[in-house]
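Here's the structure, in structure tokens; my notes come after.
The values are calculated or read from the model by the stated rules, or taken from the named source; none is laboratory data. All values reported here derive from a predicted model rather than from experimental measurement. Every residue, glycine as well, gets a Cβ built from its backbone with ideal geometry; the counts of neighbours run over all protein chains shown.
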Amino acid sequence: MAYKISDQCIKCGACAAACPMQCIKEGSSKYEIDSSVCIGCGTCAATCPVGAPESE
């Protein structure tokens, strides 16, 4: 199941750096996950200091 990033995102970039699929890119107000590429591994959620990535 793919992940999405909530509005809790503080744009630190930790999730993007940790993503093995490189499907996380910086958006205008938060980072965004390309759900068509995300494999649902949870690495982003485990890395995020504020818990912004959530399973869809």
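Numerical summary
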| quantity | calculated |
| --- | --- |
| Answer from Glu32, Glu26 - the residue that is at pLDDT 95 or above, of a type in the set (D, E, K, R) and crowded, with 16+ Cβ neighbours inside 10 Å | Glu32 |
| Selected residue (only one of Cys12, Cys44 is within 9 Å of the chain's Cα centre (by Cα) and touching a residue at least 24 places away in the same chain (Cβ under 8 Å)) | Cys44 |
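Let's see how each residue does on (1) in a helix (DSSP H, G or I); (2) surrounded by fewer than 13 Cβ atoms within 10 Å (Cβ to Cβ); (3) modelled with pLDDT of 95 or more:
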position	(1), (2), (3)
Met1	no, yes, no
Ile10	no, yes, yes
Cys15	yes, no, yes
Met21	no, no, yes
Ile39	no, no, yes
Cys44	yes, no, yes
Val50	no, yes, yes
